[in-house]
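A short worksheet on the structure shown next.
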Amino acid sequence: MKIAVIQFPGSNCDLDTVYVLRHVINVDAELVWHREFKADAYDAVVLPGGFSYGDALRAGVIAAYSPAMKHVKEMAREGKPVLGICNGFQILVEAGLLPGALLRNVTLTFICKWVYLKLENDRTAFTWKGRRGQVLKMPIAHNEGCYFNDEKGLRELHDNGQVVFRYSNARGEVVPEANPNGSLDNIAGICNLEGNVLGLMPHPERASEPILSGNGSHDGRIIFESMVEFLRGEAVATAR
Amino acid sequence: MGTYVLEVVIENKPTARDPEGETILRDLMHRNGFEMVRNVRTGKYLRIEVEAGSSEEAREIVFRMCNDLRIFNPVIHACSIKEAGRK
């Protein structure tokens, strides 16, 4: 089993993600330059955080036109896990693999802090090791994380169970005060209909080892462990 | 009195580089089949509605405001003001 972490010009959470996969989750992971990425060589792919192409025009839009994204789309079609973290989420949205848009934070500021997330869907390739309603602690660090969709699109997301993470307080209550960036319905992460493509603004790779998180959290592991064990065929509750 | 609409575009002076425009040109357009595009300059766009007695007065107000409030930085930016009719 081999997992690719794609590096675009301006990616900066790529090495952290490779490190967590290799040394915390203990799986074969490789950093791949976006121009060299091929779908058939990997079982899953992660689009890491950062500022691809310096966020020129819109965060993620230029990377969405990289030849690598044709391969990512092919993997998504084949049902392989595709994970987009932060800028990776923005790229997935700009590439049309996930619906909606990520706008500038309503605060008009870059926000870097720890947040609580309520797990809303525990039937995806990335969350089946968690349980619905569980509260996870992870950091966010972004300028454009305000999730937007039109009324119809938003209703479809909810109806289809595609809302995977929502910003909440420590008790798991999804309240306006827990919304850091103005995202509609406190949305922090969504998946495709099949549950094999996930995009989220929080950084699970920065919450995978207590010694690095500084507050004891290793909640981010759930995402990587779910993905890896899903690939090993250990998923009991498979993606919808 | 009436409400006049004015469009203000702020971009880097032609002598200053525009790295964002260069990135869009090189990595998005040229790499994806639009090699015929020769140049891209990015900027900031402000659509301003202002109460004034005439279009000349509206333009004068916006011109003065752009200078007084440092809407653009004269060292590096070129600022153009275009009338876009009455509301």
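Just one residue in the set A:Glu78, A:Glu74 is closer than 17 Å to A:Val32 by Cβ, away from every other protein chain (no Cβ under 14 Å) and charged (D, E, K, R); that residue is A:Glu74.
When the range B:44-87 is filtered for residues that are within 21 Å of B:Arg17 (Cα to Cα), of a type in the set (D, E, K, R) and in contact with a helix residue (DSSP H, G or I) (Cβ under 8 Å, 6 or more places away or on another chain), nothing remains. In this structure, is A:Lys137 farther than 25 Å from A:Lys70 by Cβ and assigned to a loop (DSSP other than H, G, I, E, B)? Answer is no for this residue. What number goes with the only condition from (1) surrounded by 19 or more Cβ atoms within 10 Å (Cβ to Cβ); (2) modelled with pLDDT of 95 or more that A:Glu209 does not pass? So the condition that A:Glu209 fails would be (1). Evaluation of A:Tyr19 against the conditions (1) assigned to a helix (DSSP H, G or I); (2) within 14 Å of another protein chain (Cβ to nearest Cβ); (3) under 28 Å from A:Leu212 (Cα atoms) shows that the sole unmet condition is (2). Screening A:Glu94, A:Glu120 for residues that are within 14 Å of chain B (Cβ to nearest Cβ) and within 17 Å of the chain's Cα centre (by Cα) leaves exactly one candidate, A:Glu94.
The values are calculated or read from the model by the stated rules, or taken from the named source; none is laboratory data. Treat the numbers as computed from the prediction; the structure is a model and nothing was measured. Positions of Cβ are generated from backbone atoms using ideal geometry, with glycine treated the same way; all protein chains shown enter the neighbour counts.
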